[in-house]
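**Student:** Pasting a structure below so you can have a look.
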Amino acid sequence: MTERSFTPVEVPQHILDRFKKLPVATVWHTVHRYAGVPLPYMNDVRLCTPGQQLAARARTLRYLPPRPDLQTEVQIGENSPEYIAMGRCGPGDVLVCDVMGDARPCIFGDVKALQLKMTNADGVVTDGGIRDLDIMVQEEYGLIIYARDRTPLGGAPYAIPAQENVDVQCGGALVRPGDVLVGDADGVVVVPSWFAEECVELTEVHEDAENMIKERILAEGVVPGKYYPPGPEAYEQARAARKQEQA
């Protein structure tokens, strides 16, 4: 494995914009193969706002099962962890909510989500439930929303917002604050922030190589297995063509 720094970085918008042009399946391949991340894909987390591509920095919120002692420690109202977490979100950010994979509770509905609309956040990703989705779409909140399922229920008695800006899991994938979440209709993949720039470059080359291979297969009318999956030669050709375009 290539030696690299694991120090978190703030991923700039121009890298996020490049991710938005790439399929999640190829991003997953790159993270899994080159960054040594065994579980970068969120299981059972589905796109609720079709036709939208997500690439944003993660701001995290962890929900926990309610218990009297925990509830005496957690602030409510405007100083609660959920509002602090939402307040960290702006353009290029997505709120990631760890609800322990439980689809019964919703993280919040249209009223609380107004804070994300006002901060111009990119979206919300949760392995729990979401409610009032139709209202948020009709009233143009502008949020890309992924969730395990839709629900009419509230959070109680299943989960309460307990911690923000901490490492969380979502759909079985580790999410650390600042990581990049890339999502399309296939789901969501987590890209560690320290790997984001390298990831987008490797993924672009892989996509170029595959497109060149598809053109060759169609031109020659051969079985795809003759050229696919791409080997070192295909990647070199893709890199050379990309350099020539950028010259």
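The values are calculated or read from the model by the stated rules, or taken from the named source; none is laboratory data. What you see is a predicted model; the values in this text were computed from it and never measured. Note: ideal-geometry Cβ built from the backbone for every residue, glycine included; neighbour counts use all protein chains shown. The protein model used for the area step is the full one, side chains on, heavy atoms only, and it has no ligands, DNA or RNA in it. Shrake-Rupley method; radii C 1.70, N 1.55, O 1.52, S 1.80 Å.
**Student:** Exactly one condition in (1) more than 22 Å from Tyr141 (Cα to Cα); (2) open to solvent by less than 50 Å² (accessible area, probe 1.4 Å) is false for Gly77; which is it?
**Tutor:** Every condition holds for Gly77 apart from (1).
**Student:** Is at least one residue of segment 29-45 in contact with a strand residue (DSSP E or B) (Cβ under 8 Å, 6 or more places away or on another chain), open to solvent by 50 Å² or more (accessible area, probe 1.4 Å) and farther than 24 Å from Phe195 by Cβ?
**Tutor:** no
**Student:** Out of all the residues in segment 221-234, which are open to solvent by 100 Å² or more (accessible area, probe 1.4 Å) and either hydrophobic (A, V, I, L, M, F, W, C) or in contact (Cβ under 8 Å) with a residue 24 or more places away in the chain (or both)?
**Tutor:** Matches in segment 221-234: Val223 only.
**Student:** Condition check: open to solvent by less than 30 Å² (accessible area, probe 1.4 Å), at pLDDT 95 or above and closer than 30 Å to Val9 by Cβ. Does Leu133 satisfy that?
**Tutor:** No; evaluated as a whole, the condition is false for this residue.
**Student:** Could you give every pair whose Cβ atoms fall below 8 Å, whose first residue belongs to segment 172-200 and is open to solvent by less than 10 Å² (accessible area, probe 1.4 Å), and whose second residue is at pLDDT below 95 and part of a loop (DSSP other than H, G, I, E, B), counting only separations of at least 6 or pairs across chains?
**Tutor:** Close Cβ pairs satisfying both conditions: Phe195/Arg4.
**Student:** I'm told Pro105 meets every condition in (1) farther than 19 Å from Ile144 by Cβ; (2) open to solvent by less than 10 Å² (accessible area, probe 1.4 Å); (3) under 18 Å from the mean Cα position of the chain (by Cα) except one. Can you identify the failing condition by its number?
**Tutor:** The single condition Pro105 does not satisfy is (3).
**Student:** Also: In the list Gln169, Gln237, which residue meets the criterion of being among the polar types (S, T, N, Q) and either open to solvent by 70 Å² or more (accessible area, probe 1.4 Å) or touching a Leu at 6+ places or on another chain (Cβ under 8 Å) (or both)?
**Tutor:** Just one listed residue meets the conditions, Gln237.
**Student:** So, one more: Test of understanding: among Gln115, Gln138, which residue is open to solvent by 20 Å² or more (accessible area, probe 1.4 Å) and touching a Cys at 6+ places or on another chain (Cβ under 9 Å)?
**Tutor:** The unique qualifying residue is Gln115.
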